Amino acid sequence: MAKKKSEAESNEIEAVDLISLLSTPETTDSYEIELSVPEQNIDLIALGKEELREEAEKLAKAKAVIPNRESRSTVPQKAISSLSPSSLSPSFITPTRNTTITSTQTVTKPRAASPKPINRLDALQGYENDSFEQIIKDITVCQRCGLCKTRKNVVPGIGNTKAKLVLIGEAPGADEDIQGKPFVGKAGQHLDKIIAAAGFKKEELYICNILKCRPPNNRDPNNEEMRVCTPFLQRQLALIKPKIIGCLGNIACHYVIGPSIPGITRIRGQWFDSIFGIPTFAMYHPSYLIRSATREKGSPNWQMWQDIRALKAKYDEIIDERKR
Ligand code: URA
C-alpha cells in the first residue's frame with residue numbers, strides 16, 4: 001500500500017508543482033544585483049568572542065524595542081521579531097557559510113552586517129488634504145530629476161487605494177513607460193502569476209515603484225532620483241495606510257529598508273522596519289526570477305514561492321484580525 005505523505009511533504013510538492021505552472025519568459029529587460037560585501041582577514045578566536053557579544057546585544061535590543069508607528073525615534077533596522085520568529089535567525093547575524101579556515105587560524109569572511117538604526121522619514125508637512133488625484137497631477141508635472149526629459153508617461157501606481165498590502169518595486173521599465181502602469185511587462189506578468197497562485201486578488205493590493213518615471217535603458221535608479229521621488233511614495237502610503245509592504249528586489253529593499261542590510265539573497269523572506277515605519281517583507285524581484293529557469297527546491301523561484309505564501313499568511317492574519 002502506498003505510504004501516506006506527511007503534511008510537510010505534500011506542501012513541498014504542492015509548492016513546486018504550482019510554481020512550475022508559471023511560465024518563464026525568455027528575456028527580461030530588468031535585472032537583479034547582489035551587493036558585493038568587502039572581505040577582510042580576521043582572527044578566529046576574537047571573531048567568536050565579538051560575535052557572541054554582538055549577538056547578545058542584538059537580541060537584547062530586539063526584545064527591548066517595540067516598533068511604534070508614531071515614534072520618530074530611530075528603530076532597529078533588523079527584522080521585526082513580532083512578525084517573524086525566523087527574522088532573528090542566526091543566518092542574519094552569523095557572518096557566512098563560505099568561511100574558510102587557513103593553517104594560520106585566520107578566517108576570510110564577509111563583514112558582518114550590523115543592524116544600525118535607520119531614520120524613519122519625517123511626516124510630510126502641508127499635505128493634510130492630499131488626494132490621489134493631486135498626487136498624480138504633481139507626478140505628471142514633476143521635474144525634480146532628469147527622468148522627466150526621457151519619460152513617455154509617468155507611472156504613479158495602480159490598485160486598491162485602501163490596500164492593506166502595498167508591493168513596491170524600483171522603477172518602471174519600457175512597457176510601464178508606454179502604458180503608464182507598473183508591472184505590466186514580462187516581470188509584471190510573472191508577478192501576477194505569483195500573487196494569483198498565492199491566493200491574492202490583485203484588486204486587493206496596491207502596486208507601485210519608488211521611481212515614478214523610467215530610467216533610460218532600464219538602468220538602476222540612482223540615489224538622488226530615489227530621494228527626490230520618495231515624497232510621492234510617502235504621500236501614497238500616507239493615504240493608503242497599508243499594514244504591510246512587500247518590497248521587490250535588491251534596489252527597492254536597500255532603499256526602503258536601509259543601505260546596510262545584506263544582499264537580497266540573504267534577507268528575502270524576512271520582515272524589517274522601513275523608512276516609512278511600516279513592516280516590510282523583503283522579496284526577490286520578478287525579473288530576477290524569470291531569468292532562472294529552474295523551479296527546483298532551493299531555487300529562487302522555489303524560495304519566492306515560500307516567501308509569497310508567508311506574506312499571504314501574514315496578510316490573512318491582518319484581514320482576519322480586522323473582521324474580529
Ligand atoms: N520593474 C519594476 O521594478 N517595476 C516595474 O513597474 C516594472 C519592472
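Since every read-out is calculated from the coordinates, none of them should be taken as a lab result. Keep in mind the model is a prediction, meaning the values are calculated, not measured. Cβ atoms come from the backbone with ideal geometry, glycine included; neighbour counts cover every protein chain shown.
A few notes on this one:
- Fully extending the segment from residue 193 to residue 129 would add 19.4 nm, taking 0.36 nm per residue of separation and subtracting the current Cα-Cα distance.
- Sites residue 239 and residue 265, calculated FRET efficiency, Cβ-Cβ separation with R0 30 Å, nearest 0.05: 0.35
- Translational diffusion of region 236-324, µm² s⁻¹ [Kirkwood Rh, Cα pairs; Stokes-Einstein; 10 °C; 1.306 mPa s]: 115
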